[in-house]
Amino acid sequence: MPNIVVVGTQWGDEGKGKIVDLLTGRVQVVARYNGGHNAGHTVIANGRKFALRLIPSGILHEGVLCLMGPGMVVEPEAFETETEGLREAGVEVADNLLVSDRAHVILPHHFELEKLWEERRKIGTTRRGIGPAYEDKAGRRGIRLGDLLRPAALPEKLALARDHYEMVCRGAGVAPAVDWAALVDRLAAFGERHRSRIVDVAMVLHAQLARGYSVLCEGAQATLLDLDHGTYPFVTSSSASAGGAAVGLGLAPTRIDAVLGIAKAYTTRVGSGPFPTEMGGELEEKVREKGGEYGVVTRRPRRCGWFDGVATRYSVRVNGVDSLAIIKLDVLDELDEIRVCTSYRHAGVTVDAMPADVEMLAECEPVYETLPGWKSQTAGLREFADLPQAAKDYVTRLGEIVGAEVGLVSTGPDRDDTILIGRSALATWFA
Ligand code: GDP
Ligand code: IMO
Ligand code: MG
């Protein structure tokens, strides 16, 4: 299979975990390139449900090397809780999981800083310390996993992060709440326990590619949550879009062969920020219940809206999507009619492109095309030919609106509830 990036094209939770797991059978390496335990990727394998946060969704396949790249942020306790949980469930987590020595560590003061700032800023973050960890990284005072292997120098390095944290505490008039001495010991012990798996991931990846192996790059979050390309400031703090795979893994852009975009057949969003196609009312409740739209990480109800063709078209372009997977078609089975946003109206003017300005986006009115519902069950269907005509037309229309080939339709959470569309680029990668 070519080296593929799997990327979310909306505001997250598109079903990346399911699709990565599905494709993992065709690759030797799965590599996560961004984010931390703010992600929640659901994989249902052999009737068992796994919610992966930090660990690549390829871990459930034997013989697949899973890599966590330099672009990630890793909270040591969350890492061990997740790996232990997987082992208890009978999943092998040994030398099949390697973590970058360049990945940054989420530390206790990051949680404290996030609490302070969220009270003021109200982005609606997952409160996992993600933003402050990336801030320390950009501020050149972060701790990297490789630092945990050389504990003698840790106190000096931590002093920089501490200094900055205490400056903020003084400004906010709160008492610092971190036991730094105990932290050094805890971090050193973590480094020792994982010494053999904290490695130069970019070079491992390079060696795997030299052997002719293929890599699947797993994105967390999504394009509209990307720090540069998303609905700033209501975004996460990492490079979630496809370009992030090159940066966040040390994988040369020339080695990425294709991009698979993942989109729900509708749209969801967790946290604050503009969402032009948000449904509201009873319909939103209905879709939320049918789609089980509650966060994997925080259990927050997800906001639900119609498919936003403007936003997804933007993502298709930013990521260079070669093939698009439409997920959760079955959730729309009961609707009489289905709306799709094809453009926005702002101050009487048609807007076809995603505005950079969130205030403007918040003022945009969606312009909808209304398509008939199919009012029959698509859940579990595995052949495109078996879909009702209205569902086929819906999927085809989504592809036209966003300017991408639809290569896959998902009709349920299980691996097998999947329609691969013949003659698509995706089908040829899969063959
Ligand atoms: P991710 O973060 O992109 O991996 O997505 P999440 O796991 O957060 O959310 C996707 C949810 O939809 C999970 O609960 C999946 O089990 C579920 N899911 C995935 N594909 C389908 C589908 O085609 N139909 C339905 N009904 N559920 C799906
Ligand atoms: P997966 O990988 C959906 C959202 C949060 C918040 C914003 C910033 O499962 O698709 P953060 O804690 O990252 O600083 O929060 O981003 N968010 C997600 N929304 N899916 C995710 O991950 C998300 N990760 C972060 O709700 O609005
Ligand atoms: Mg998720």
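Within the range 289-307, the set of residues being within 22 Å of GLU365 (Cα to Cα) and either within 11 Å of ligand 2 (Cβ to nearest atom) or not in a loop (DSSP other than H, G, I, E, B) (or both) comprises ARG302, ARG303, CYS304, GLY305, PHE307.
Please go through (1) in contact with a strand residue (DSSP E or B) (Cβ under 9 Å, 6 or more places away or on another chain); (2) in contact (Cβ under 8 Å) with a residue 12 or more places away in the chain; (3) closer than 23 Å to ASP101 by Cβ for ALA246 and return the number of the only condition it doesn't satisfy. (2) is the only condition that ALA246 fails. Pairing residues of the range 214-239 that are closer than 25 Å to MET1 by Cβ with residues that are more than 9 Å from ligand 2 (Cβ to nearest atom) and among the acidic types (Asp, Glu), at Cβ distances under 7 Å and at least 6 apart in sequence or on separate chains, gives SER239/ASP226; SER239/ASP228.
Might you let me know whether the range 398-419 holds any residue that is out of contact with any strand residue (DSSP E or B) (no Cβ under 6 Å at 6 or more places or on another chain), assigned to a helix (DSSP H, G or I), of a type in the set (D, E, K, R) and more than 21 Å from CYS304 (Cα to Cα)? Scanning the range 398-419, I find at least one residue that is out of contact with any strand residue (DSSP E or B) (no Cβ under 6 Å at 6 or more places or on another chain), assigned to a helix (DSSP H, G or I), of a type in the set (D, E, K, R) and more than 21 Å from CYS304 (Cα to Cα), so the answer is yes.
Of ALA325, ALA311, all but one fail to be more than 12 Å from ligand 1 (Cβ to nearest atom) and either part of a helix (DSSP H, G or I) or open to solvent by less than 10 Å² (accessible area, probe 1.4 Å) (or both); the exception is ALA311. The set of residues from the range 336-356 being closer than 12 Å to TRP374 by Cα and either in contact (Cβ under 8 Å) with a residue 40 or more places away in the chain or part of a helix (DSSP H, G or I) (or both) comprises just one member, ILE338. Checking each residue in the range 208-251 for being open to solvent by less than 10 Å² (accessible area, probe 1.4 Å), farther than 18 Å from VAL29 by Cβ and assigned to a loop (DSSP other than H, G, I, E, B) picks out ALA222, ASP226, THR231, SER238, ALA240, SER241.
So which of LEU149, LEU60, LEU98 is more than 15 Å from ligand 2 (Cβ to nearest atom), open to solvent by 20 Å² or more (accessible area, probe 1.4 Å) and touching a Cys at 6+ places or on another chain (Cβ under 8 Å)?
On inspection, the qualifying residue turns out to be LEU98.
Taking the range 81-132 as the range and being of a type in the set (Val, Ile, Thr) and within 16 Å of ligand 3 (Cβ to nearest atom) as the test, the residues that pass are THR125, THR126, ILE130. Considered as a group, the residues in the range 272-300 that are within 14 Å of ligand 3 (Cβ to nearest atom) and not aliphatic (A, V, I, L, M) include one that is nearest to ASP417 (Cα to Cα), and that residue is GLY291. Is the range 65-76 home to any residue that is open to solvent by less than 10 Å² (accessible area, probe 1.4 Å), away from ligand 1 (no atom under 13 Å from the Cβ), closer than 25 Å to ILE327 by Cα and not small (Gly, Ala, Ser)? Yes, some residue in the range 65-76 is open to solvent by less than 10 Å² (accessible area, probe 1.4 Å), away from ligand 1 (no atom under 13 Å from the Cβ), closer than 25 Å to ILE327 by Cα and not small (Gly, Ala, Ser). For the range 395-418, the set of residues classified as within 16 Å of ligand 2 (Cβ to nearest atom) and either among the aromatic types (Phe, Trp, Tyr) or buried (at least 23 other Cβ atoms within 10 Å of the Cβ) (or both) consists of SER410 only. Looking across ASP417, ASP393, ASP352, one residue alone is under 23 Å from the mean Cα position of the chain (by Cα), on the phi < 0 side of the Ramachandran plot and of a type in the set (Asp, Glu). It is ASP417.
Restricting attention to the range 330-344, the residues being more than 16 Å from ligand 3 (Cβ to nearest atom) and farther than 16 Å from GLU400 by Cβ number 8. Would you tally the residues in the range 77-88 being open to solvent by 30 Å² or more (accessible area, probe 1.4 Å) and not hydroxyl-bearing (Ser, Thr, Tyr)? Qualifying residue count for the region: 6.
Between GLY15, GLY35, the distinction of being within 12 Å of ligand 3 (Cβ to nearest atom) and open to solvent by 10 Å² or more (accessible area, probe 1.4 Å) belongs to GLY15 only.
Among helices (runs of 4 or more DSSP H) entirely within the range 122-193, having at least 2 residues that are under 28 Å from ASP228 (Cβ atoms) and touching a helix residue (DSSP H, G or I) at 6+ places or on another chain (Cβ under 6 Å) singles out 130-138, 154-172.
Kindly indicate which of ILE55, ILE106, ILE130 is buried (at least 23 other Cβ atoms within 10 Å of the Cβ), in contact with a strand residue (DSSP E or B) (Cβ under 7 Å, 6 or more places away or on another chain) and under 19 Å from CYS217 (Cβ atoms). Only one candidate passes the filter, namely ILE55.
The values are calculated or read from the model by the stated rules, or taken from the named source; none is laboratory data. Everything numeric in this text was worked out from a predicted model, so none of it was measured. Note that each Cβ is placed from the backbone with ideal geometry, even for glycine, and that neighbours are counted across all protein chains shown. When the accessible area is computed, the model is the full protein with side chains, heavy atoms only, and any ligands, DNA or RNA have been set aside. Shrake-Rupley method; radii C 1.70, N 1.55, O 1.52, S 1.80 Å.
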